[in-house]
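These notes are about the structure you will find just below.
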Amino acid sequence: MSDVEALKKEAGIAACAYVRSGMNIGLGTGSTVKHTVVELGRMIHEEGLEIVGVPTSLATEKLALEVGIPLVKLSEIDGLDIVIDGADEYDPNFQLIKGGGAALLREKIVAQEAKAMIIVADDRKKVQTLGAFPLPIEITPFAHQATIRVLARTLDCRVNCRMAGDNPVITDNGNMIADAHCGPSITQPKVMESEILNIAGVVQVGLFNDMCDVVVLAGSNGVETLVNPNGRLE
Ligand code: 5RP
């Protein structure tokens, strides 16, 4: 296992300390939170943990079923106790860029239904200013090139359609992903989120503002729990 993979595993497993029997848990998407999902499966089988999960992608749904986590639909329950998810970047105000795995729409729908959001990350995700990671934006397939042109004009940066080989990446919702290469310049993520959401053709943007309560961060000195002073968890 590479060093980075080991850190992802440490963070993913450490976040399970927030999980209690009886909780409804949002299950994020990505290579870090997959370790959380596997650990929750182990806790169910070996420790009698009783939870239900809501997955944020088809990939997480498949993994959760494989490891034996009972799943429910978000519409069928009265909210979530917590969601545990990964991030591509987080800044000192706990604002996030997400969507590197193209799951941002479901991730945001699930996060907005959760009483608290816990992010699992390795220390490469910590930034002073968001934007070095290209900002993922989910857009409709209809006239997607036109939407990308408007995004590039509005944001004044290069915007690419995310590709898988010769074809655009298609999300679990049948949409496409535009990646905006703004550089580390997103000092007002809430203003930027509104501007982007105002463009017709945009379904959702991977700026997660005022949602993250805790970052469980794995680095060379071990696992640190960073609590957002303005968040919902102590
Ligand atoms: C998927 C996401 C992921 O949580 C994010 O890309 C981080 O993934 P990883 O843990 O693999 O680095 O937002 O849409």
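The values are calculated or read from the model by the stated rules, or taken from the named source; none is laboratory data. As the structure is a prediction and not an experimental result, all values here were calculated from the model. Note that each Cβ is placed from the backbone with ideal geometry, even for glycine, and that neighbours are counted across all protein chains shown. The accessibility values were calculated without ligands, DNA or RNA, using every heavy atom of the protein model including side chains. Shrake-Rupley method; radii C 1.70, N 1.55, O 1.52, S 1.80 Å.
Of (1) hydroxyl-bearing (Ser, Thr, Tyr); (2) within 10 Å of the ligand (Cβ to nearest atom); (3) over 22 Å from residue 172 (Cα atoms), residue 18 satisfies all except one. Which?
(2)
Pick from the stretch 176-234 the residues that are part of a loop (DSSP other than H, G, I, E, B) and among the aliphatic types (A, V, I, L, M): which of them is nearest to the chain's Cα centre (by Cα)?
Once the filter is applied, the top-ranked residue is 211.
Identify, by number, the condition in (1) open to solvent by 30 Å² or more (accessible area, probe 1.4 Å); (2) farther than 14 Å from residue 32 by Cβ; (3) touching a Phe, Trp or Tyr at 6+ places or on another chain (Cβ under 9 Å) that residue 146 doesn't meet.
Here residue 146 clears every test but (3).
Considering every residue within the stretch 111-120, establish whether at least one is farther than 22 Å from residue 30 by Cα, out of contact with any strand residue (DSSP E or B) (no Cβ under 6 Å at 6 or more places or on another chain) and not β-branched (Val, Ile, Thr).
Filtering the stretch 111-120 for residues farther than 22 Å from residue 30 by Cα gives none.
No - not one qualifying residue is present in the stretch 111-120.
Within the stretch 155-168, which residues are part of a loop (DSSP other than H, G, I, E, B) and surrounded by 15 or more Cβ atoms within 10 Å (Cβ to Cβ)? Can you show your working first?
If we filter the stretch 155-168 for residues that are part of a loop (DSSP other than H, G, I, E, B), which is where we start, we get 156-157, 162, 165-166.
Matches in the stretch 155-168: 157, 162.
Which residues, taken from the stretch 123-137, are assigned to a strand (DSSP E or B) and buried (at least 23 other Cβ atoms within 10 Å of the Cβ)?
Scanning the stretch 123-137 gives 130, 135, 136, 137.
Look through the stretch 54-111, keep the residues that are open to solvent by 30 Å² or more (accessible area, probe 1.4 Å), in a helix (DSSP H, G or I) and among the acidic types (Asp, Glu), and return whichever of them is farthest from the ligand (Cβ to nearest atom).
Once the filter is applied, the top-ranked residue is 76.
With respect to residue 152, is the statement that it is open to solvent by 20 Å² or more (accessible area, probe 1.4 Å), of a type in the set (A, V, I, L, M) and part of a loop (DSSP other than H, G, I, E, B) true?
Spelling it out, it is not the case that residue 152 is open to solvent by 20 Å² or more (accessible area, probe 1.4 Å), of a type in the set (A, V, I, L, M) and part of a loop (DSSP other than H, G, I, E, B).
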